[in-house]
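For reference, the structure is listed below as structure tokens.
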Amino acid sequence: MIHYDRARRRFAIVLAGLAGFVDAIGFLSANGYFVSFMSGNTTRLGVSLGTDPIRAITPALLIAGFLCGVTSGALLALRAGRYRKPAVVTLVAALLFTGAAARALGSPLTMLATLVAAMGAINNTFQRGGEVTIGLTYMTGALVRLGQGLATRIAGTPTPGWTSWAGLWGGLLCGAIAGAFLQDRLPLGCLWVAAVWASTMAVAAFNLPAES
């Protein structure tokens, strides 16, 4: 995060907000399972395998769907070259539109499958050398880096830009609040909002530097 310019930091924060928005909708729609937070699903998988194996099916399928989304997004990123960011975010938008349509048609399993794939794919937006540089759907690393930055600040040798990790975490949190709010009050419309949000970000990606 600290190695990117201000425009790309803002872009990452808004995408993290989208991830939080979608994850909150998925969480409320899937009885406490996540569509972007695979650490939580892995813990639930382990607990289910240790106590009631039949209940392990749901977290296992969500993890598999997320992995498929990551793989698909990574392949697209490789083929897209310098247009990686808009290509990946366009894929995310297409998956979210599909998820919104699936909900409208009364197909919750298809909806969850597309949401979890979208959240896997979105993590390919920021890469260097084939490695993810900003994880948009998981914030443990961001909080660790924020804590480390706070430590250097207290020690008198602050790392430039370290507060941007707080912005990334805050983006996810604000998105989750908005997603939960709309899921509660506009359940058939909230995923359309997410899809339009992603589409807008795909267009915005063309205005970012091609190489990150």
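The values are calculated or read from the model by the stated rules, or taken from the named source; none is laboratory data. Treat the numbers as computed from the prediction; the structure is a model and nothing was measured. Cβ sites come from the backbone with ideal geometry, for glycine too, and all protein chains shown count toward neighbours.
Miscellaneous remarks
- Here is the figure for the stretch 108-153: residues that are among the polar types (S, T, N, Q), under 18 Å from A12 (Cα atoms) and buried (at least 16 other Cβ atoms within 10 Å of the Cβ) total 5.
- Looking only at the stretch 154-165, and only at residues there that are surrounded by 13 or more Cβ atoms within 10 Å (Cβ to Cβ) and touching a residue at least 24 places away in the same chain (Cβ under 8 Å), the one that is nearest to the chain's Cα centre (by Cα): W165
- Annotation note: Cβ proximity below 8 Å between a residue of the stretch 81-98 that is surrounded by 20 or more Cβ atoms within 10 Å (Cβ to Cβ) and a residue that is of a type in the set (V, I, T) and not in a helix (DSSP H, G or I) (sequence gap 6+ or interchain) occurs for R84/T125; K85/T125; V88/T125; V89/T125.
- Unique residue being of a type in the set (A, V, I, L, M, F, W, C), closer than 26 Å to F97 by Cβ and in a loop (DSSP other than H, G, I, E, B) when the list is L168, L182, L172, L208: L208
- The residue pairs whose first member lies in the stretch 171-190 and is farther than 10 Å from I25 by Cβ, whose second member is not in a helix (DSSP H, G or I) and not aromatic (F, W, Y), and whose beta carbons are closer than 6 Å, counting only pairs six or more residues apart or on different chains, are L172/M139.
- In the set A100, A94, only one residue is at pLDDT 95 or above and touching a Leu at 6+ places or on another chain (Cβ under 7 Å); that residue is A100.
- The helices (runs of 4 or more DSSP H) falling completely within the stretch 1-85 that include 3 or more residues that are at pLDDT 90 or above and in contact with a Gly (Cβ under 7 Å, 6 or more places away or on another chain) map to 6-29, 57-80.
- Close pairs from the stretch 18-33: first without any contact (Cβ under 8 Å) to a residue 24 or more places away in the chain, partner charged (D, E, K, R) and part of a helix (DSSP H, G or I), Cβ under 9 Å, at least 6 apart: G32/R44
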